[in-house]
1. With Gly202, Gly208 as the choices, which residue is away from the ligand (no atom under 12 Å from the Cβ), over 20 Å from Arg174 (Cβ atoms) and modelled with pLDDT under 95?
2. Can you pull out the residues in the range 152-200 that are under 18 Å from Leu220 (Cβ atoms), in contact (Cβ under 8 Å) with a residue 60 or more places away in the chain and among the small types (Gly, Ala, Ser)?
3. Looking at Asp257, Asp268 in this structure, which one is within 14 Å of the ligand (Cβ to nearest atom) and open to solvent by less than 10 Å² (accessible area, probe 1.4 Å)?
4. Given the options Ser237, Ser318, name the one that is within 13 Å of the ligand (Cβ to nearest atom), in contact with a strand residue (DSSP E or B) (Cβ under 6 Å, 6 or more places away or on another chain) and either among the β-branched types (Val, Ile, Thr) or open to solvent by less than 10 Å² (accessible area, probe 1.4 Å) (or both).
5. Working only within the range 136-161, note down all residues that are within 7 Å of the ligand (Cβ to nearest atom) and open to solvent by 10 Å² or more (accessible area, probe 1.4 Å).
6. Need pairs with beta-carbon distance below 9 Å; first residue within 16 Å of Val212 (Cα to Cα) and within the range 228-242, second near the ligand (Cβ under 7 Å from one of its atoms) and open to solvent by 100 Å² or more (accessible area, probe 1.4 Å); sequence gap 6+ or separate chains.
7. Would you pick out the residues in the range 85-123 that are modelled with pLDDT under 95 and β-branched (Val, Ile, Thr)?
8. In the range 84-135, which residue that is in contact (Cβ under 8 Å) with a residue 60 or more places away in the chain and outside any helix (DSSP H, G or I) is most open to solvent (accessible area, probe 1.4 Å)?
Amino acid sequence: MIVHRRTISRQGGQTPSLLRPVTRARWTLRRWADRVMDERVERAVARRAPQLQHSVDATVDRLAKSLAEVERDLFPVRHLLATGRRGNRTITEPQLERLYQQVRTVTGVQRLAGYGRQTYRSLIELELRGVGRIAGSTSNVLGKLMTTPLLAPPPGPVLEIGTLYGIFAGGLLRQFRRLGDARHVTVVDPLVGVQLQPGSMGGGDLSGSPVVPELVLANLRLSGADDDEFRLIQGYSTDPDTRAAAGDRSYAVVIVDGDHSEQGVYEDLRWVAGCCVDGAIVVLDDFDDPGWPGVRSGFERACADGASFTLIGTVSTSAYLRFEASAGDHHPRRSP
Ligand SMILES: C[S@@+](CC[C@H](N)C(=O)[O-])C[C@H]1O[C@@H](n2cnc3c(N)ncnc32)[C@H](O)[C@@H]1O
């Protein structure tokens, strides 16, 4: 008997009873074929398994060996970049790109890759050559070295309040020189053997070196500065004798990195407002660093009390301020 397909479908999808044995046979055949196929695959895999396992093991061994070689070759680089500190002087590409973006925003200078590379090389070289260290994160130190000269401060000397080992001050002179700008730096610090900070125990420095005048002078020389390009005034920035000695000139660039308490920053900024030229660039270190809330509050208090600083912007954890002498102040004018 011939059963037409059309006839089957007209019966509402039900398999006519005459076809059921055929359908069952098909299913049986298909399941049998599937089983045969599965068994073949399993047998093939089982046959090749030792070979596969061997090649996987060999690849893992090779990768482990390469990794060990890379680790071994990287060790001296990591060791060099650690420079006696908790963190180290490595920086990732995204961190560097974020830093460049901040420097662009604050300075308006767009092309930074070559300058940034040179600055990074200088930072490493300064710490490798010097005794002690520069304080602060890699991003913050790089940011200060790059940004300060790019803000094109008026001509005139540099003052650093809180110099620690003096290495940063030497680096900053080099950065100015990189742009064809020779400056003189005055560094101020009590230099009592340890890094002083209100609230800190005043223990030994991470680098293991004493915070003393001999090292500051040696580091300034090691950075490449000539003796007539720097001077050290040993003392607290709040001390009248220190202020009298440092106040013999007006500064075009000031790095405020001494006493980080609110009162300390307030007093330093009040003093700085009286001894810098119109248009001077003032770098306030550790600004908005959660560890140093007094830096921002000291700045705000100084401004509220009439110190005339405009916040240009921040790069990493440093704030860049411009000092604007008000009419009637007897500050040297900036050069045109
Ligand atoms: C964070 S470190 C300075 C780091 C340095 N500018 C650098 O970039 O490597 C702070 C320094 O400020 C000094 N200091 C603390 N109180 C001070 C004060 N009233 N006047 C001057 N220096 C002070 C400390 O002895 C310490 O050497």
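1. After ruling out the rest, the residue left standing is Gly208.
2. Selection gives Gly162, Gly166, Ala169, Gly170.
3. Asp268
4. Ser318
5. Gly136
6. Qualifying pairs under 9 Å: none.
7. Within the range 85-123, Thr90, Ile91, Thr92 qualify.
8. Arg86
The values are calculated or read from the model by the stated rules, or taken from the named source; none is laboratory data. All values derive from a computational prediction rather than experimental measurement. Positions of Cβ are generated from backbone atoms using ideal geometry, with glycine treated the same way; all protein chains shown enter the neighbour counts. The protein model used for the area step is the full one, side chains on, heavy atoms only, and it has no ligands, DNA or RNA in it. Shrake-Rupley method; radii C 1.70, N 1.55, O 1.52, S 1.80 Å.
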